[in-house]
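One structure is given below, encoded as structure tokens.
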Amino acid sequence: MQVDPGTLTVPAPVPTSESAPFWRSCAEERFILQHCDSCGRWIFYPRALCPFCWSSELTWLDASGTGVVRSFSVIHKPGHPAWTAAAPYTVAVITLTEGPTMLTTLIDIAPDAVSIGMPVEIAFTPVGEFTLPFFRPQSAQKSKQEVPR
Amino acid sequence: MPPAALIGVGELTPVRNTEGATTLGLIAETARAAVEDSGLAKDEIDGLLVGPQVGETPQHVPATVAEYLGLTPRMSNVVDLGGATGPGMIWRAAAAIHAGMATAVLCVLANHRNPVVPRSPSRNPIREFDVPFGASGANTAYALLKQRHMADYGTSDEDFAMLAALERANAQLNPEAIFYGKPATTNDILASPLVASPLHLLEIVMPVAGGSAVVVASAETAERMTLKHDPALLLGAGEMVTHRAMSQAPSYTSGPLKPAMQQALEQAGVRPDSLDLLSLYDCYTVMLAITIEDAGLCAPGEFANWVRDHDLTHTGDFPLNTHGGQLGAGQADLAGGMGHVVEAVRQLRGSADGRQIPDATTALVTGNGATMSEAVALVLGAG
């Protein structure tokens, strides 16, 4: 990314009652996901019920904040003009260790060094009023130092 | 035919104020109540009718609801008839069931009453969880598909660019095409700027203004009238919706068109390799590539070899997008998809002028919406 993302004025998330806990926890640099107490699967994005079994018995739990790159694209011409100053930047879809997939901005890596299957970890990044769950390459050293919450 | 059955109902308790509830969440609660009341399992629902969601989801409403609910309907629609929407859903559900397009249709309407006016005109999951990361628009989504196809199968940039060049060549026989008189080689496609890697500008449809319409009539009407042209006949149809956002897609190398095309071909009793015209939706080169593979014309990952082994022009063994497709003719928004139907009708009734396929009797038409999310396949035959 060509600029400090903190300086960007781009479309921010508009939280709902279902997603508010996720964004509040991002602001505290904690990565949480909904977990279905009924079928045991993890869920992303946040919902009022489990998309697998329709149970409403959902609990917010700490998640690993790790995953692998499912696919990625280096954006040269952003679909929203507010991102033009940041181009080229890398958008990736991550398969989280818990199972769900999520879209993110991948930072701290040259675009030509990204590959599918690459392990990544959460990199909370201030963008406007929000702290967004960006991801970066998972460093072997870092993952050794990491202490389970 | 036997009457369709209304087998389950569900309602929410009316309240004046829903304190920040979402329309999607309320639809989910209402849907669960009705499906539980019916005794069906969630995954037995294979049809979905929803209402407009003003201020939340301007387009792709059924896909957004299906993704949220974890449903993969074979038939879905927005019914937009104001206070008549509810009953309007019921006969449409019955019509879909009688047509063999679904067996159990969820008809659901729900609304919130939130005290705070939303800040954004568009409030839905893709706006909340994709757009803030710099992933606005379809280019990013289809770039993710192409990247994954290349990684999984070893396909090359040239393989995809070749598709755009072939369609551009077909467009040279369509005076109405936006790229008529402007052929392009594979190298020209590759030389166009990267928009979202690995997608080049000329692998993406050019947006244009335009229009496209079709009149559908009963067999009795077609028989009775003195028609100006032989009609084309609908022999089979299939539909499937699996998700809304590419981040939530179940697969990056195969799409909902696969089951939709299978159903359409089965209904018509036609094999994919016996079709006279492939009129395949081609918003991006990668969409056409995956559709060729999903149609069963070749094995997954083999589209480029298949294309090199065949002649896709109107005089070839597998005529494909003889009007140039949308990559050659331009994409007139939603009318661009209808253009694939119009070209099939022209070929089947023998009015395709300088690009007429000799003795065309069957055509496969595909439509694709959102991010390889919404799929419709038709098999049309000469009347």
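Values for this structure:
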| quantity | calculated |
| --- | --- |
| Number of partner chain Cβ atoms within 10 Å, mean per residue of A:46-55 | 6 |
| Label-point separation in nm, residue B:1 to residue B:311, each point 7 Å along Cα→Cβ | 4.2 nm |
| With eigenvalues of the C-alpha gyration tensor scaled by 5 and rooted, segment A:1-140, Å | 27, 18, 13 |
| Shielding score for B:147-156, defined as the mean number of other chain Cβ atoms within 10 Å | 3 |
| Residues with amide H under 5 Å from that of residue A:89, placed H, sequence gap 5 or more | A:75 |
| Separation of alpha-carbon centers, segment B:122-144 and segment A:22-53, rounded to whole Å | 20 Å |
| Mean projected area (nm²) of the alpha-carbon convex hull when segment B:1-149 is viewed from all directions | 11.0 nm² |
| Viscosity 1.002 mPa s, 20 °C: Kirkwood-radius Stokes-Einstein D of segment A:64-140 over Cα pairs, µm²/s | 169 µm²/s |
| Distance cut-off 17 Å, percentage of C-alpha pairs in segment B:310-360 lying past it | 32 percent |
| Cα lying deepest toward the dipole's positive end in chain B, options B:265, B:339, B:254, charges on Cβ | B:339 |
| Rg [Å, one decimal], Dmax [Å, integer] - the protein assembly as shown, C-alpha atoms | 24.0, 81 |
| Shielding score for B:15-28, defined as the mean number of other chain Cβ atoms within 10 Å | 3 |
| Among beta bridges that DSSP assigns inside the protein assembly as shown, antiparallel share in %, nearest 5 | 80 percent |
| Extension gain (nm, one decimal) between residue A:60 and residue A:84, 0.36 nm per residue minus Cα-Cα | 5.1 nm |
| Magnitude of the charge dipole, segment A:1-134, Cβ model with Lys/Arg +1 and Asp/Glu -1, debye to 20 | 360 debye |
| Tail beyond 39 Å, pair distance distribution of chain B (Cα, percent) | 20 percent |
| Segment A:57-74 - phi-based ³J(HN,Hα) in whole Hz, Karplus 6.51/-1.76/1.60, Gly and Pro as x | 7, 10, 10, 6, 10, 4, 10, 5, x, 10, x, 10, 6, 7, 6, 7, 8, 8 |
| Kyte-Doolittle mean at least -0.5, axial Cα span of 15 Å or more - DSSP H helices of chain B | B:23-38, B:85-98, B:157-171, B:257-268, B:333-349 |
| Helical contribution to [θ] at 222 nm, DSSP H n ≥ 4, -39,500 (n - 2.57), averaged over the protein assembly as shown, rounded to 500 | -8500 deg cm²/dmol |
| Cut-off under 5 Å, modelled amide H: who pairs with residue B:331 long-range | B:206, B:208 |
| Per-peptide average of other Cβ atoms within 10 Å, ordering A:59-65, B:43-49 highest first | B:43-49, A:59-65 |
| Long-range HN-HN contacts of residue B:57 with modeled amide H, under 5 Å | B:123 |
| Kirkwood Rh in Å, taken over all unlike Cα pairs in segment B:232-342 | 14.8 Å |
| Pairwise centroid distance, computed over Cα atoms, of segment B:301-353 with segment B:15-86, Å | 35 Å |
| Share of alpha-carbon pairs per 5 Å distance bin for segment A:53-94, given as whole % | 5, 17, 15, 12, 14, 13, 11, 10, 3 |
| Cβ-Cβ FRET estimate between residue A:95 and residue B:361, R0 fixed at 51 Å, reported to 0.05 | 0.70 |
| Scattering profile of segment A:16-63 at q = 0.17 Å⁻¹ [log10 I(q)/I(0), Debye over alpha-carbon scatterers] | -0.43 |
| Pair residue A:27, residue B:251: separation of 7 Å Cα→Cβ label points (nm) | 4.2 nm |
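Read the figures in this text as sums done on the coordinates, not as results from a lab. Treat the numbers as computed from the prediction; the structure is a model and nothing was measured. Cβ atoms come from the backbone with ideal geometry, glycine included; neighbour counts cover every protein chain shown.
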